[in-house]
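K.L.:
Please read through the structure below; I'll follow up with questions.
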Amino acid sequence: MRLKTLILLSALLPLCLSHGLDPLGWLFHRHGQAQYFGSLQADTTGGACPVECDCPPTFPVAMYCDGRGLNAIPSIPSRIKYLYLQHNAISAVPDSALINATNLVWLFLHHNQLTSDAISKEVFLKLEGLERLFLHHNNLTSIPPNLPRSLRDLRIDHNRIGKVIPTDLEGMDNLTILHLHDNNIADMGTSLKALKSLTLLDLSNNKLIKIPDALPEHLHQFYLEFNSIDSLPEGFLGGLAQLQYVRMSHNQLTNKGIPSDTFNVTGLVELDLSYNKLERIPTVSTTLQHLYLQANQIKEFTLGSFCSIVDVTNFSRLQTLRLEGNEISQEDIPLESALCLRRASSIQI
């Protein structure tokens, strides 16, 4: 083995010396050599990487400018597909900012100082392949116009948006994730009607007083916590066959405002109605697995809310039931609940 190593080194030695290199230098300067060879591989297609950003030679279509104290968007090479500009002090997106960035797939601008007036009305028009746009934690008062119809994931939460109109989301057939939580939205109108592919909608922590109209039929997760909703429309879950998670805690819901059998729909996995004004347990489907009702005004444990018939094959699939912070105690749970709620690991009162 030692002989083979000597033969290999003797073969490499003339080659290294002819290039003025230390044949064993790689053992002591591995980091420096990596930078040297990395610089040789730098891709300058469509423009060089701005000095304030990083464009890794191993991932030449990405440009990392996050957390650099930037006040403006730097020049973007046309090859860039993934642009990271979050955690800066950028306050505007003029037409010139993305003029070369027509190949963008991801654009992250969250945690900046953007205002709606400072975003050009046509700046996003040429980004025909953009799939992810993150604008959360800015100072926007409206959704930017002319968003790409290719978007799949739009996060514009933690802004100051007060209203969403149909033209804001028009033609966005591919959108699957929409985060609008932590804004000042009081009205959605029929703006959700066009979102044929939407599966996750988060409208929590806004100023809604009613359920938005025309909910997308493919919704899988629907979050409405921390609003001022006091009633639900008749059968509003009826056309949402794929809906599994509904969270409506911290609203103003009463039993009078919930039509009969509203939540008695198959497919629903989790329902959170905690911190409302319910006095009775609403009727839920036997397929529901997790039900949160804590901090309401419930005065009676109604077993019929879970099981209309109890036998070997008819029972609730409920695993989690939380009722603490209501006006009932452990003694109010009927003995028959052991049959109806046989899968519940615990009932918290």
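The values are calculated or read from the model by the stated rules, or taken from the named source; none is laboratory data. Here the structure is a predicted model, which is why all the values come from computation and not from measurement. Methodologically, a virtual Cβ is constructed for each residue, glycine included, from the backbone with ideal geometry; neighbour enumeration extends over all protein chains shown. Protein only, heavy atoms only, side chains kept; ligands, DNA and RNA dropped before computing areas. Shrake-Rupley method; radii C 1.70, N 1.55, O 1.52, S 1.80 Å.
K.L.:
Of everything in region 255-290, what is among the β-branched types (Val, Ile, Thr), assigned to a loop (DSSP other than H, G, I, E, B) and either under 15 Å from LEU318 (Cα atoms) or in contact with a helix residue (DSSP H, G or I) (Cβ under 6 Å, 6 or more places away or on another chain) (or both)? Give them in sequence order.
P.N.:
Narrowing region 255-290 to residues among the β-branched types (Val, Ile, Thr): 258, 262, 265-266, 269, 281, 283-284, 286-287.
Filter once more, so that each one left must be assigned to a loop (DSSP other than H, G, I, E, B): 258, 262, 265-266, 269, 281, 283, 286-287.
Those that are among the β-branched types (Val, Ile, Thr), assigned to a loop (DSSP other than H, G, I, E, B) and either under 15 Å from LEU318 (Cα atoms) or in contact with a helix residue (DSSP H, G or I) (Cβ under 6 Å, 6 or more places away or on another chain) (or both): VAL265, THR266, VAL269, ILE281, THR283, THR286, THR287.
K.L.:
Does LEU127 meet the test of being in a strand (DSSP E or B) and crowded, with 18+ Cβ neighbours inside 10 Å? Let's see the steps before the verdict.
P.N.:
Values: in a strand (DSSP E or B): no; crowded, with 18+ Cβ neighbours inside 10 Å: yes.
Here the answer is no, as LEU127 does not meet what is asked.
K.L.:
Go through region 246-264 residue by residue and tally those that are touching a strand residue (DSSP E or B) at 6+ places or on another chain (Cβ under 9 Å) and either open to solvent by less than 60 Å² (accessible area, probe 1.4 Å) or modelled with pLDDT under 95 (or both).
P.N.:
Residues of region 246-264 touching a strand residue (DSSP E or B) at 6+ places or on another chain (Cβ under 9 Å): 246-249, 263-264.
Those still in the list that are either open to solvent by less than 60 Å² (accessible area, probe 1.4 Å) or modelled with pLDDT under 95 (or both) too: 246, 248-249, 263-264.
Result for region 246-264: 5.
K.L.:
From (1) in a loop (DSSP other than H, G, I, E, B); (2) surrounded by 18 or more Cβ atoms within 10 Å (Cβ to Cβ); (3) on the phi < 0 side of the Ramachandran plot, pick out the condition that doesn't hold for ASN184.
P.N.:
Among (1) in a loop (DSSP other than H, G, I, E, B); (2) surrounded by 18 or more Cβ atoms within 10 Å (Cβ to Cβ); (3) on the phi < 0 side of the Ramachandran plot, the lone unmet condition for ASN184 is (2).
K.L.:
When the residues of region 308-326 are narrowed to those that are assigned to a loop (DSSP other than H, G, I, E, B) and open to solvent by less than 10 Å² (accessible area, probe 1.4 Å), which ends up modelled with the lowest pLDDT? Talk me through it step by step, then tell me what you get.
P.N.:
Taking region 308-326 and keeping what is assigned to a loop (DSSP other than H, G, I, E, B), we get 308-319, 323-326.
Filter once more, keeping what is open to solvent by less than 10 Å² (accessible area, probe 1.4 Å): 316, 318, 323.
On the way: SER316: 93, LEU318: 96, LEU323: 97.
Among those that are assigned to a loop (DSSP other than H, G, I, E, B) and open to solvent by less than 10 Å² (accessible area, probe 1.4 Å), it is SER316.
K.L.:
For the list (1) at pLDDT 95 or above; (2) closer than 28 Å to LEU278 by Cβ; (3) aliphatic (A, V, I, L, M); (4) buried (at least 21 other Cβ atoms within 10 Å of the Cβ), I need the number of the one condition that LEU232 fails.
P.N.:
Tallying (1) at pLDDT 95 or above; (2) closer than 28 Å to LEU278 by Cβ; (3) aliphatic (A, V, I, L, M); (4) buried (at least 21 other Cβ atoms within 10 Å of the Cβ), LEU232 fails exactly one: (4).
K.L.:
Let me ask something else. Collect the residues in region 160-175 that are in a loop (DSSP other than H, G, I, E, B) and in contact with a strand residue (DSSP E or B) (Cβ under 7 Å, 6 or more places away or on another chain), keeping them in residue-number order. If you could, list the steps in order and put the result at the bottom.
P.N.:
To start, the set of residues in region 160-175 that are in a loop (DSSP other than H, G, I, E, B) comprises 160-162, 164-165, 169-175.
Passing the criteria: ARG160, LEU175.
K.L.:
Name the single residue that is least open to solvent (accessible area, probe 1.4 Å) among those in region 81-94 being over 16 Å from CYS53 (Cα atoms) and either touching a Leu at 6+ places or on another chain (Cβ under 6 Å) or assigned to a loop (DSSP other than H, G, I, E, B) (or both).
P.N.:
ALA92
K.L.:
So which residues in region 277-292 are open to solvent by less than 50 Å² (accessible area, probe 1.4 Å) and more than 25 Å from the chain's Cα centre (by Cα), if there are any at all?
P.N.:
Listed by number, the residues that qualify are LEU278, ILE281, PRO282, VAL284, SER285.
K.L.:
Cβ contacts < 8 Å: first residue at negative phi, restricted to region 156-173; second residue open to solvent by 20 Å² or more (accessible area, probe 1.4 Å) and β-branched (Val, Ile, Thr), any location; separation 6+ or different chain. Result?
P.N.:
Filtered contacts from region 156-173: ASN159/THR141; ARG160/THR141; ILE161/THR141; GLY162/THR141; PRO166/THR190.
K.L.:
Let me ask something additional. Being at negative phi and modelled with pLDDT under 95 is the requirement here; does THR176 meet it? Steps first, answer last, please.
P.N.:
Details: at negative phi: yes; modelled with pLDDT under 95: no.
Answer is no for this residue.
K.L.:
State which residue is farthest from THR176 (Cα to Cα) when the search covers only region 211-231 and only residues that are in contact with a strand residue (DSSP E or B) (Cβ under 9 Å, 6 or more places away or on another chain) and part of a loop (DSSP other than H, G, I, E, B).
P.N.:
Taking region 211-231 first, the residues in contact with a strand residue (DSSP E or B) (Cβ under 9 Å, 6 or more places away or on another chain) are 212, 215-216, 219-225.
Going one step further and asking which of them are part of a loop (DSSP other than H, G, I, E, B), we end up with 212, 215-216, 219-220, 224-225.
Numbers: PRO212: 17, LEU215: 13, PRO216: 10, LEU219: 9, HIS220: 10, LEU224: 17, GLU225: 20 Å.
The selected residue is GLU225.
K.L.:
Can you pull out every residue in region 316-345 that is in contact (Cβ under 8 Å) with a residue 24 or more places away in the chain and either in contact with a Pro (Cβ under 7 Å, 6 or more places away or on another chain) or farther than 17 Å from ILE281 by Cα (or both)? Step through it out loud before you land on a result.
P.N.:
Our first condition is that a residue be in contact (Cβ under 8 Å) with a residue 24 or more places away in the chain; within region 316-345, this holds for 316-328, 332-334, 336-337, 339-345.
Result: LEU339, ARG342, ARG343, SER345.
One line per residue, one yes/no per condition, for (1) open to solvent by less than 10 Å² (accessible area, probe 1.4 Å); (2) polar (S, T, N, Q); (3) in contact with a Gly (Cβ under 7 Å, 6 or more places away or on another chain):
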position: THR141; (1), (2), (3): no, yes, yes
position: PRO145; (1), (2), (3): no, no, no
position: LEU154; (1), (2), (3): yes, no, no
position: ASP168; (1), (2), (3): no, no, no
position: HIS179; (1), (2), (3): no, no, no
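K.L.:
For ALA97, work out the one condition from (1) open to solvent by less than 10 Å² (accessible area, probe 1.4 Å); (2) assigned to a helix (DSSP H, G or I) it doesn't fulfil.
P.N.:
(1)
K.L.:
Could you list all residues from region 197-226 that are under 20 Å from TYR275 (Cβ atoms), open to solvent by less than 60 Å² (accessible area, probe 1.4 Å) and within 19 Å of the chain's Cα centre (by Cα)?
P.N.:
Within region 197-226, the first condition is being under 20 Å from TYR275 (Cβ atoms), and the residues that meet it are 202-211, 221-226.
Going one step further and asking which of them are open to solvent by less than 60 Å² (accessible area, probe 1.4 Å), we end up with 202-204, 206, 208, 211, 221-225.
Within region 197-226, ASP202, LEU203, SER204, ASN206, GLN221, PHE222, TYR223, LEU224, GLU225 meet the criteria.
K.L.:
Take the conditions open to solvent by 30 Å² or more (accessible area, probe 1.4 Å), more than 16 Å from the chain's Cα centre (by Cα) and at pLDDT 95 or above and apply them to ARG149. Does it pass?
P.N.:
On the way: open to solvent by 30 Å² or more (accessible area, probe 1.4 Å): yes; more than 16 Å from the chain's Cα centre (by Cα): yes; at pLDDT 95 or above: yes.
Yes: the conditions hold for ARG149.
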